[in-house]
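Nothing in this text is a laboratory measurement; each read-out follows from the coordinates by a stated rule. Values in this document were obtained by computation on a predicted structure and should not be read as measured data. Cβ: placed from backbone, ideal geometry, glycine included. Neighbour counts: every protein chain shown.
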Amino acid sequence: MKEQRIPPLLISDDDDKIWLVTYADLMTLILVFFVFLFSVSSFTQENYKSAIVKIKTQIESETSLTGLMELMEIPESAAKKITIEKITGMHASEQTILDDINKFIRSQNQDKNIAPYKLNGKIIVRVNGKALFDSGSIDIKSEATSILDEIVKLILGYPEYNVNIKGHTDNMPISSGSYPSNWELSALRATSVLKFLVEKGIRPQRLTATGYGEVMPLVLNISEKNRAINRRVEFVLEKK
């Protein structure tokens with residue numbers, strides 16, 4: 001029986017270039033993506049106003065656009081570009097702030113003096129009192145300026161946050177005759193830090209200073225080690 005031969009597949013010159021179709025589609029998608037990015041980056045105030053008017057016309061409601069319409073009151077002298085942050089109200093994440101302060105802690109070996117953390121939507125940077133003040137004093141130590149300078153940089157970098165500076169002491173009666181009690185000592189220490197921040201360029205409207213004395217200890221005041229933990233200044237960053 002004669003063996004039947006199967007003819008080879010006929011492949012044209014064009015068939016081996018069929019991959020170009022997929023490649024061209026990919027290039028087109030990439031081009032569209034970059035055009036989209038360009039259009040977002042050039043989203044001007046006039047474009048934004050036009051979009052708001054169209055949205056308002058469609059839904060025929062002013063109340064639901066209150067927040068957006070307020071943004072339209074930005075004066076012409078302000079920045080011409082409307083960023084995504086301004087449109088959506090989104091701010092830098094708390095994790096980014098924690099990362100920034102942790103980088104400083106690692107680079108300066110300050111892990112024993114500074115402890116940042118998040119609590120109830122607020123960022124708290126706790127600084128050991130001994131790192132800032134001598135015993136019974138409200139004068140900031142010269143070696144503490146590097147820590148406070150970093151906190152200044154942090155606060156200036158996140159203008160959407162206000163800062164409450166909280167002073168805390170241990171439960172030992174103050175031996176200095178300059179201050180009647182730990183209440184005054186803690187309040188004046190917090191105020192000293194506030195003045196330092198203002199002198200470094202932070203708007204005073206963003207800052208408050210509070211003294212808590214010995215009433216909010218982190219641990220029981222049963223040893224010198226524990227009392228040292230309770231002597232501290234806390235920077236509480238809260239969104240406006």
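Numbers below:
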quantity	calculated
Single residue of region 218-240 satisfying the filter (in a loop (DSSP other than H, G, I, E, B) and either of a type in the set (Ser, Thr, Tyr) or touching a Ser or Thr at 6+ places or on another chain (Cβ under 9 Å) (or both)) that is surrounded by the fewest Cβ atoms within 10 Å (Cβ to Cβ)	Ser223
Region 170-184: number of residues that are out of contact with any Pro (no Cβ under 9 Å at 6 or more places or on another chain) and either touching a residue at least 24 places away in the same chain (Cβ under 8 Å) or closer than 17 Å to Val233 by Cβ (or both)	7
Number of positions in region 97-129 that are in contact (Cβ under 8 Å) with a residue 60 or more places away in the chain and assigned to a loop (DSSP other than H, G, I, E, B)	1
Test: residue in region 109-118 that is out of contact with any helix residue (DSSP H, G or I) (no Cβ under 6 Å at 6 or more places or on another chain) and under 13 Å from Phe235 (Cα atoms)	yes
Pair list, Cβ < 9 Å and 6+ apart or interchain, from region 210-232 residues that are in contact (Cβ under 8 Å) with a residue 40 or more places away in the chain to residues that are among the aromatic types (Phe, Trp, Tyr) and surrounded by fewer than 19 Cβ atoms within 10 Å (Cβ to Cβ)	Gly211/Trp183; Tyr212/Trp183; Gly213/Trp183; Glu214/Trp183
Qualifying residue in region 185-196 (condition: without any contact (Cβ under 8 Å) to a residue 24 or more places away in the chain and under 22 Å from the mean Cα position of the chain (by Cα))	no
Output for region 140-168, where each listed residue is within 17 Å of Gln205 (Cα to Cα), buried (at least 19 other Cβ atoms within 10 Å of the Cβ) and not aliphatic (A, V, I, L, M)	Tyr161, Lys166
